[in-house]
Each structure stands twice: as C-alpha cells, then as structure tokens.
1. Just how large is the dipole of the chain about the Cα centre, in debye to the nearest 20, putting +1 at every Lys and Arg Cβ and -1 at every Asp and Glu Cβ?
2. Within region 171-215, whose backbone N sits under 17 Å from a point 7 Å along Cα→Cβ of residue 144?
3. Over 30 Å between Cα atoms: which of 164/206; 125/164; 26/78 fall into that group?
4. Multiply the residue gap between residue 173 and residue 188 by 0.36 nm, knock off their C-alpha separation, and tell me the result in nm, one decimal place.
5. For the chain, what is the calculated [θ] at 222 nm in deg cm²/dmol (nearest 500), taking -39500 (n - 2.57) for each run of four or more DSSP H residues and dividing by its residue count?
6. For the pair residue 47/residue 73, report the inter-label distance in nm, with labels modelled 7 Å from Cα in the Cβ direction.
7. How do the peptides 158-164, 17-23 rank, highest first, by the average count of neighbouring beta carbon atoms within 10 Å per residue?
8. With everything on Cα atoms, drop me the angle between helix 201-210 and the longest principal axis of the chain, reported from 0 to 90° to the nearest 10.
Amino acid sequence: MAQARTAIVTGAARGIGAAVAKRLAKDGFAVAVIDLDAASTQETVAAIEAEGGKAIGVGADVSDAEQVAAAVAEVAEKLGPPTVLVNNAGVLRDNLLFKMTDSDWDTVINVHLRGSFLMTREVQKHQTEQKYGRIVNLSSTSALGNRGQANYSAAKAGLQGFTKTLAIELGKFGVTANAIAPGFIATDMTAATAERVGASFEDFKKGAAAMIPVGRVGTPEDIAATASFLVSEEAGFVSGQVIYVAGGPRD
Ligand code: NAP
C-alpha cells in the first residue's frame, strides 16, 4: 500500500523550515506549512504552488497544546493523515548565564522542546494508525555546548534524547525518528546573531566559513536535502540517529 504523503513542517515561514517544506513538496508530499502566524506562511505556500506542489498554511504556536491539537486536526482534515513531521520551529534568546532571564530560558525551552513534544504527541496518533511515519527533529551543533546559549544548547541536547526515545517507542509502528544537527546555516537566525555581536553578516559568514572543513557556511537547502532522505521510505532502517550537517565532523 502506498503511504499517505502528508508532511508537516513547523516554523516553515522562512529559513530552514521553508527550504524543507519546498523540498518535501518537490518530493511529492502535500505539505502543511506551520508558523506562528498563518499570514507569514503564505510566501512558502505560494512558492510551493508556483512549482506545481500542494501546500496549506496553518498558524499555530507550537508551544501551545490547544493550538497544536487544532493545527494537526486541520491538516488531517484538509490534506489527509500526516505521516511526516519535521519539528523545526525555533527561537534564540542568547545571553551569558549570569544575564539570562527566566523568560529567556522558558521561551527557548518551550518552543524547541515542549513544541516538539506537543507536535509529536499529536502527530503520532496518525502515524501509529497508519503504521508508518517519519519524524525529524532539528537539533544543532550547539547541543555540544556554546557560549551564550545555555538555554538553546540544553534544548538542542534535550531534543537528541527525545529523538532516541521516540525511535525506541515508535519503531514497532513503522515510525522512525532522527535528528539533524546543523552547524552554521545562513538564515535570519544567524543574521540576527551577527547583529547581536556587532559584525556584518558577510564578515560573520566569512569568519565561520574559515573554521569549517568544507570551507563554506551551510544553506537551508543543505538541511532540506538531509531531511528529504530521512523522511523517505527507503530510510526506514535509519532511526534514533543524530546527523551532524556541519561541513565537517562533530563529536
Ligand atoms: P529562523 O529563520 O529564525 O526561522 C524559525 C521559524 O520558526 C520562524 O519562521 C519563526 O516564526 C518560527 N517560530 C518561532 N517560534 C515559533 C513557535 N512558537 N511556533 C511556530 N513557529 C515558530 O530560523 P532557522 O535558522 O531557519 O532555524 C530553523 C531551525 O534550525 C531552528 O530549530 C534552529 O534552532 C535550527 N538550527 C539553525 C541553525 C542555523 O545556523 N540557522 C543551526 C542549527 C540549528 P517568526 O518568524 O514568526 O518568529
């Protein structure tokens, strides 16, 4: 039986999420583009439709259980049962520990960790019913520790443990779960970091590229290509893995 081909990508209004949504649409998935505000999803949806793909935009805050339940129900109704989930929505609230506020901590943990938990708990109902599913969580090289990112590195390391547990619990239902841990990817998020440290984005990227073995920074499409493989049917024996996509090795 052909698998249901509906994918959800969170935080897909821009950056890595938008590239993943476009790539999965090219791969033949009907794609639900979820972001905080439905209006912000329209650019990604229009780009997919312009290429002949199928997509809908849904507004939801992934850290809010009610909004998540409503969003996943809307996707299932309009596009069919979601069997593919890419938990990509993310925010930064960087600060050195002694300056980090409660709100900096809670916001980052809530969007990345609670958001991925809520989305996955909702989507697995459809996946286990279909006896098939693919989950990809966006971790980061920051999971290994990064100055100014106690909140973010804790969330991204947490997502790795979350991913491995999903792989163990859901494997018998035909569901795989993997994490992609990107290094430096040129997006609004890294542009904002450049601004915060007082560097031009071009200089910031040049400095980062000099430290990366392949000699360049990453693009959203680098991550989309990896996600495309992990959500494919042929990746069914790859589960519980953390794939560093960083232009070089990481521990
Ligand atoms: P980005 O350009 O900032 O995009 C993140 C998207 O997530 C935005 O559209 C944002 O919406 C959305 N979002 C934020 N909070 C949300 C919420 N509560 N509910 C729903 N959507 C929400 O970031 P990116 O660089 O593409 O990063 C994507 C993912 O990759 C993140 O998980 C990030 O941590 C991870 N990552 C990025 C890099 C990198 O170098 N860029 C490296 C490693 C890992 P708004 O625009 O409305 O805020």
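Readers should treat all values here as calculations from the given coordinates under stated rules, not as data from a laboratory. Predicted model only: the values in this text are computed from it and were never measured. Neighbour counts are summed over all protein chains in view; Cβ atoms, including those assigned to glycine, are modelled from backbone coordinates with ideal geometry.
1. Values: 23 positive and 27 negative charges, 134 e Å.
That gives a dipole near 640 debye.
2. 179-185, 208-215
3. Numbers: 164/206 34 Å; 125/164 18 Å; 26/78 19 Å.
Flagged as over cut-off: 164/206.
4. My answer for the length gained is 1.7 nm.
5. -14000 deg cm²/dmol
6. 3.1 nm
7. Ranked by mean Cβ neighbours within 10 Å, highest first: 17-23, 158-164.
8. 90 degrees
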